[in-house]
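Okay, structure first, notes after.
None of the figures in this text is laboratory data; all of them are computed from the coordinates on show. Because the structure is a prediction, the values reported are computed rather than measured. When we count neighbours, we look across all protein chains shown, and the Cβ atoms used for this are built from the backbone with ideal geometry, even at glycine.
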Amino acid sequence: MRDKILKDIIEAMKNKEKERLSTLRLLKGAMQLEEINKKGELDDTEIINLISKQIKTRRESIEEFKKANRLDLADKTEKEVEILSSYMPEQLSEDEVLKLIEEAFNEVKPTSMKDMKDIMAYLNPKISGRADKGFVSKTIKEKLNK
């Protein structure tokens, strides 16, 4: 994953793709910072989690830009999200996520909200980088409160 991103930076330079190049450079910087903090190289799972955080941050920024009526910045940030999303694994459909949540409930057999962490622990390896954790969390909470 790391090598692919670095090769894509070179390719973006050669093709003079300014937006793609700047987005990938920001990602590379975030990866380097994370590696310094970790004191080691990131594996693919950690890179996917990092990209996921980058996408989440940008989506929050898009909302703020829209509230401030800065559509130019919102459009630029949306393009960055598209570029970053291309490095994410294929996303699970809502039905697939609901099926996994049902499977987690059958496995963990939760009795209260205290079991939320056990359900998330069961689901995380299966959905990491492939589903919106906010949606998953909200769905689990609704199911637990029934």
Once the in-chain neighbours fewer than 8 apart are removed, the lysines whose Cα is under 25 Å from Lys16 read Lys4, Lys7, Lys28, Lys76, Lys79
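List the DSSP H helices in the chain whose Cα atoms stretch 15 Å or more along the helix axis and whose mean Kyte-Doolittle hydropathy is at least 0.0. Spell out each step's value before the answer.
Working: long enough: 2-14 (19 Å, -0.44); 18-38 (30 Å, -0.61); 44-67 (35 Å, -0.96); 71-85 (20 Å, -0.33); 94-108 (21 Å, -0.22); 116-127 (16 Å, 0.06); 133-144 (16 Å, -0.48).
Span-like helices, by this rule, are 116-127.
Ratio of alpha-carbon Rg to the 2.2 N^0.38 Å globular estimate for the chain, to two decimals, please.
Values: Rg = 18.0 Å, N = 146, 2.2 N^0.38 = 14.6 Å.
Taking N as the residue count of the chain, the ratio is 1.23.
How much net charge surrounds Glu96 when only other residues with a Cβ under 15 Å from its Cβ are counted (Lys, Arg +1; Asp, Glu -1)? Can you show the working numbers first?
On the way: positive: Lys99, Lys126, Arg130, Lys133; negative: Glu90, Glu94, Asp95, Glu102, Glu103, Asp132.
Net local charge, Glu96 excluded: -2.
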Quarter of the surface of the C-alpha convex hull for the range 94-144, i.e. direction-averaged projected area in nm², equals 3.0 nm²
